[in-house]
Structures are given as C-alpha cells and as structure tokens.
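Notes follow once the structure below has been shown.
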Amino acid sequence: MKLLIDTNVILDMIFGRRGCEASMELFKKLGKDGSGAYITASAVTDLFYIIRRETHETEQTYRMMENIFKLVKILSVSANDIQDAFGEKWKDFEDCVQCTVAQNNRMDCIITGNKKDYARASLPVMTPQEYLQS
C-alpha cells in the first residue's frame, strides 16, 4: 500500500500536538507491514519553513528533516500536477496539489489530520487513527 502523508501528520509528531500518538503508531505500523509512506516535494519546503519558524534553529531543523527522510519517500511535484490542481479550484490550493500528486502517482490513500480539507478527493482519505483501525 502506498500512502501520501499530509504535512499536518508529520507536524503533529514533531511538535507533540494532539494526535501525535496515532501518527507515531502509524509510522511504526508502516515500518512493519512494508507499506510506503510518501510526502510531496512541496511538503518538504513547507515542513522546513514551519519547523525552522517554530524552533528558530536552522541546524536542528536540518536534523529533524533528516529524520523525516528516514520515514518517507519524496514525490516530485510536476508542472502538470500544478496545472491539474489549479484547474480544480479548491479553496485550499496546497491540499489540492497534495491530492493531485497522490492521484498522479497512484497512491492508495491520503493520511491527514484534516479530512475535511480533502472532501473533493477522488481517492480514500483517512486519519492516522482510522488507518490504524483498518
């Protein structure tokens, strides 16, 4: 199974936010069952920016990103992905890009803490808790 992991799931783990336990369990399960965890290249820049902004530590941010890269593979965001997403006219363009990349790379599911952001997605969307229970 190939899962696109939304940025908020990673941030929950890093900052110990609500839902972080399920996010950590998700990655443990993925490591055991051989499922692939993916993030988009645009999520990498978002994660770096948010982590750096919150920690005020560039070196710490690089170390955290290196740990993230041990958990996930990175999917490119192509010009076609951007054009496809733009044509969809979602309220949240970033989430639409994530969804478009997931669709164009044949992901099986999107894992997010905010399912409502993906209401228009044409592939399954689950929270970490829902995935763990499936």
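What to note about this one:
- Hull volume per residue, based on the alpha-carbon atoms of the range 6-52 and their convex hull, is 65 Å³.
- Each residue of the range 25-33 was assigned a 3J(HN,Hα) from its phi angle through the Karplus curve 6.51 cos²θ - 1.76 cosθ + 1.60 (θ = phi - 60°); the sequence is 5, 4, 5, 4, 5, 4, x, 7, 8 Hz, with glycine and proline shown as x.
- Coarse-grained scattering of the chain at q = 0.12, 0.15 Å⁻¹, given as base-10 log I(q)/I(0) from a Debye sum over alpha-carbon atoms: -0.44, -0.69
- ³J(HN,Hα) computed for each position of the range 119-134 - Karplus, 6.51 cos²θ - 1.76 cosθ + 1.60, integer Hz, glycine/proline x: 4, 8, 5, 9, 10, x, 10, 9, 7, x, 4, 5, 5, 5, 7, 7
- Summary of the geometry: the range 1-54 and the range 104-134, compared by the centres of their Cα atoms, lie 13 Å apart.
- Cut-off under 5 Å, modelled amide H: who pairs with T40 long-range: L75
- Compactness of the range 25-83 is given as radius of gyration and Dmax, 13.4, 36 Å, from Cα positions.
- Projected label distance in nm at E94 and R18, using a 7 Å step from Cα toward the beta-carbon: 1.9 nm
- Estimated FRET transfer efficiency (L132, R53; beta-carbon r; R0 30 Å; 0.05): 0.50
All of the numbers you see were taken from the coordinates with simple rules; none came from a lab. Remember, predicted model here, so these are calculated numbers, not experimental data. As a convention, Cβ positions derive from the backbone with ideal geometry for all residues, glycine included, and neighbour counts pool all protein chains shown.
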